[in-house]
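**Student:** Can you keep this structure in mind? I'll have questions shortly.
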Amino acid sequence: MGTAAVLTGLGAHLPPRRVTNADLAERLDTSDEWIASRTGIRERRWADPGVSTGDLATEAGLRALKSAGLGDDARIDLVVLATTTPDHPCPATAPEVASRIGLVDAAAYDLAAVCSGFVYALEAASNAIRAGRAANALVIGAETYSTILDHTDRTTAVIFGDGAGAAVLRAGDDTEPGALTGFDLGSDGTRRDCITVPAGGSRQRAAGGEPAEADRYFQMRGKEVFTAAVAHMTASARAAAARAGWPLGTVAHVVGHQANLRILRAVGEQLGLDPGTVVSNLDRVGNTSAASIPLALADAAAAGRFAAGDRVLLTAFGGGFTWGAAALTWPDLAAVTTDERSPIR
Amino acid sequence: MTDTAVADLTAFIVARLKEKYEAPEETAADSAFDDLGIDSLVLAELAVDLTGDTGVPVEESDLSGAGTPAAAAAALHARGAAV
C-alpha cells in the first residue's frame with residue numbers, strides 16, 4: 001500500500017450549439033460521408049460568441065465538485081487547468097476559474113500540453129497529492145478550438161469541437177478504486193511544426209511585423225500526426241500499465257485522446273486489445289483536445305459503461321509533440337450527468 | 001535472399017491492403033496506391049501496421065513516395081524491414 005491520488009468526481013460541460021457535418025458541408029467542400037469515414041465524427045459543439053474557455057471550465061469544475069459530493073463550502077488546494085486556448089496570454093485562466101467556482105486561496109495554474117494536457121495535468125496534481133503538498137485537487141481540461149480554427153480549412157475545421165471536462169482528486173491509497181497508479185509522460189520538440197498556431201507568441205512578436213493571416217490559426221500535418229499518435233499512444237499506454245503492474249490483458253477500457261476514431265482503433269490493435277475496450281464519444285463531440293479524455297470518461301460514466309474496480313488506461317498524444325498515459329482503477333462514482341444545463345456564474 | 005525478402009514484404013503489403021483496407025482483388029505488386037480507391041488515411045494506417053509488424057518505423061510518406069507495394073517493399077527492405 002502507498003499514497004495515491006484517487007478520483008472522486010467527474011464533471012463535463014458542452015456548449016449547447018450543435019454543428020453537424022451537414023452544417024459544415026453547406027460552406028466547405030466536404031460531406032458527412034467524407035468526415036465520418038475519415039474521422040468518426042458526426043457532430044461537434046461550438047461555443048456561442050462571447051463564451052470563453054474559462055466559462056466552460058467553470059461549469060465543468062462545478063459539476064465535478066458536485067459529483068464528488070462537495071458543496072459550496074468546498075476547500076480545494078490545487079486547480080490545474082489544461083488548455084490550448086486560454087482566455088488570454090496573461091494572466092492564466094485557472095485563477096479566475098478557481099475564484100468563480102468559489103475556491104478561495106487555491107493554488108491555480110494553466111498547463112499547456114495541447115491534446116495531452118489532461119494527462120499531464122492529472123500527473124502534476126497526482127504528484128502534488130502524493131508529495132503531501134495538496135490534500136485534493138481539481139483537474140480541468142477545457143477548450144474553445146472554434147476560436148483558433150481556420151474555418152475555411154476543411155482539413156482541420158471539421159475535426160475540432162469545444163467543451164470542458166473536470167476531475168476531483170483526493171489523497172488516498174493505491175489499492176482503492178479510483179487510484180491513479182501509473183503514469184508515463186514524454187515529448188519530442190523536434191516535431192513542433194506538425195501541430196501549431198505559429199503567431200501570437202514571443203517567437204512571432206520578436207520577429208516583428210504583422211503575421212501572415214494563416215499563422216494566426218491552428219495548423220496540422222495530419223498524416224504525420226496519425227502515425228506518430230498511434231506509436232506514442234501505444235507505447236505510453238504500455239509504459240503506464242507496466243508501472244501500475246498491470247498485464248495488458250487485464251485492462252478493461254482504453255480511453256484515448258479522442259483525436260480520430262481510426263487512430264483509436266489502431267491504438268487498440270497495436271495494444272492487442274479487443275475492439276470493445278476502446279472507448280469513444282467523438283461521433284458527438286469531435287476532437288476537443290485537452291477536454292477530450294475527461295469528456296469521454298464522463299460520457300462513459302453517465303452511460304454506466306464502467307464498473308468500480310475496472311482497470312482503465314488513459315492515453316493521449318498532442319502538439320509539441322507531447323504524449324502521456326495513466327493507469328486508473330475505476331472509482332465507485334455517483335451519477336455523472338454530462339449534458340445537464342445550469343447557469344454559469 | 002534479398003529478392004525473397006522483398007517479395008515477402010511486397011506480398012504482405014498487397015495482402016494487407018486487400019484483406020484489411022478493402023483494396024480491389026486485382027491489387028498487385030505494381031499497382032499504384034493512387035489507383036486503389038483507398039482513402040487518404042489508409043496509407044497512414046498501413047504505415048502503422050508495417051511499423052508494428054517489421055519493427056522499423058514507417059511513415060505514410062515512405063509509402064506514398066514509393067507509389068506501389070513493390071517499390072515500398074524495396075525501400076523498406078533497404079532500411080532493414082522484414083516480415
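The values are calculated or read from the model by the stated rules, or taken from the named source; none is laboratory data. Computed from a prediction, not measured in an experiment: that's the story for all the values here. Quick reminder, even Gly has a Cβ in these numbers, built from the backbone with ideal geometry, and neighbours come from all protein chains shown.
**Student:** Of the residues A:Ala242, A:Ala206, which single one is over 29 Å from B:Asp39 (Cβ atoms), over 18 Å from the mean Cα position of the chain (by Cα), in contact (Cβ under 8 Å) with a residue 40 or more places away in the chain and not in a loop (DSSP other than H, G, I, E, B)?
**Tutor:** Selected residue: A:Ala242, the only one of A:Ala242, A:Ala206 that is over 29 Å from B:Asp39 (Cβ atoms), over 18 Å from the mean Cα position of the chain (by Cα), in contact (Cβ under 8 Å) with a residue 40 or more places away in the chain and not in a loop (DSSP other than H, G, I, E, B).
**Student:** Out of the residues in the stretch A:229-239 that are over 18 Å from the mean Cα position of the chain (by Cα) and either under 22 Å from A:Arg262 (Cβ atoms) or buried (at least 24 other Cβ atoms within 10 Å of the Cβ) (or both), state the one that is nearest to the other protein chains (Cβ to nearest Cβ).
**Tutor:** A:Ala231
**Student:** Every residue in the stretch A:144-166 that is part of a strand (DSSP E or B) and among the charged types (D, E, K, R), please.
**Tutor:** Answer for the stretch A:144-166, where residues must be part of a strand (DSSP E or B) and among the charged types (D, E, K, R): just A:Asp162.
**Student:** List the number of the failed condition for A:Arg27; all other conditions in (1) modelled with pLDDT under 95; (2) in contact with an Asp or Glu (Cβ under 9 Å, 6 or more places away or on another chain) hold.
**Tutor:** The single condition A:Arg27 does not satisfy is (2).
**Student:** With respect to A:Asp174, determine if the residue is within 17 Å of A:Ala326 (Cβ to Cβ) and more than 18 Å from the chain's Cα centre (by Cα).
**Tutor:** Here the answer is yes, as A:Asp174 does meet what is asked.
**Student:** OK, next. Taking the stretch A:206-228 as the region of interest, how many residues are within 14 Å of another protein chain (Cβ to nearest Cβ) and either of a type in the set (Phe, Trp, Tyr) or in contact with a His (Cβ under 8 Å, 6 or more places away or on another chain) (or both)?
**Tutor:** Number of matching residues: 1.
**Student:** Which condition from (1) at pLDDT 95 or above; (2) at negative phi is the one that A:Gly132 breaks?
**Tutor:** Going through (1) at pLDDT 95 or above; (2) at negative phi one by one, A:Gly132 breaks only (2).
**Student:** Check A:Leu169, A:Leu185 and return the single one that is surrounded by 16 or more Cβ atoms within 10 Å (Cβ to Cβ), in contact with a Phe, Trp or Tyr (Cβ under 7 Å, 6 or more places away or on another chain) and not in a loop (DSSP other than H, G, I, E, B).
**Tutor:** A:Leu185
**Student:** Which numbered condition trips up A:Arg265, out of (1) free of Cβ contacts under 8 Å to residues at least 60 places away in the same chain; (2) within 25 Å of A:Ala308 (Cβ to Cβ)?
**Tutor:** Unmet for A:Arg265, out of (1) free of Cβ contacts under 8 Å to residues at least 60 places away in the same chain; (2) within 25 Å of A:Ala308 (Cβ to Cβ): (2).
**Student:** Then there's this: Is it the case, given these coordinates, that B:Val14 is under 11 Å from the mean Cα position of the chain (by Cα), over 22 Å from A:Arg191 (Cα atoms), buried (at least 18 other Cβ atoms within 10 Å of the Cβ) and aliphatic (A, V, I, L, M)?
**Tutor:** yes
**Student:** Sort out which residues of the stretch A:1-16 are in contact with a Phe, Trp or Tyr (Cβ under 9 Å, 6 or more places away or on another chain) and part of a strand (DSSP E or B), and write them in order of number.
**Tutor:** A:Leu7
**Student:** Just for the stretch B:23-68: of the residues that are within 14 Å of chain A (Cβ to nearest Cβ), among the acidic types (Asp, Glu) and assigned to a helix (DSSP H, G or I), which one is farthest from A:Lys223 (Cα to Cα)?
**Tutor:** So, considering only residues that are within 14 Å of chain A (Cβ to nearest Cβ), among the acidic types (Asp, Glu) and assigned to a helix (DSSP H, G or I), the one farthest from A:Lys223 (Cα to Cα) is B:Asp53.
**Student:** Kindly establish whether B:Asp3 is surrounded by fewer than 16 Cβ atoms within 10 Å (Cβ to Cβ), out of contact with any Leu (no Cβ under 8 Å at 6 or more places or on another chain), part of a helix (DSSP H, G or I) and touching a residue at least 40 places away in the same chain (Cβ under 8 Å).
**Tutor:** So B:Asp3 fails the test.
**Student:** OK, next. Condition test on A:Gly320, is it within 20 Å of A:Gly69 (Cβ to Cβ), touching a residue at least 12 places away in the same chain (Cβ under 8 Å) and over 12 Å from the mean Cα position of the chain (by Cα)?
**Tutor:** no
**Student:** Moving to a separate point now. Please determine, by comparing only the residues of the stretch A:192-246 that are touching an Asp or Glu at 6+ places or on another chain (Cβ under 9 Å) and basic (Lys, Arg), which one is farthest from A:Trp323 (Cα to Cα).
**Tutor:** Applying the filter and picking the extreme gives A:Arg216.
**Student:** Something else now. Assess whether A:Ala252 counts as being among the hydrophobic types (A, V, I, L, M, F, W, C), in contact with a Pro (Cβ under 7 Å, 6 or more places away or on another chain) and either surrounded by 12 or more Cβ atoms within 10 Å (Cβ to Cβ) or closer than 17 Å to A:Leu271 by Cβ (or both).
**Tutor:** So A:Ala252 does not fit the description; no.
**Student:** Across the stretch A:245-287, which residue is farthest from A:Thr175 (Cα to Cα) among those that are in a helix (DSSP H, G or I), within 14 Å of chain B (Cβ to nearest Cβ) and within 20 Å of the chain's Cα centre (by Cα)?
**Tutor:** Result: A:Arg262.
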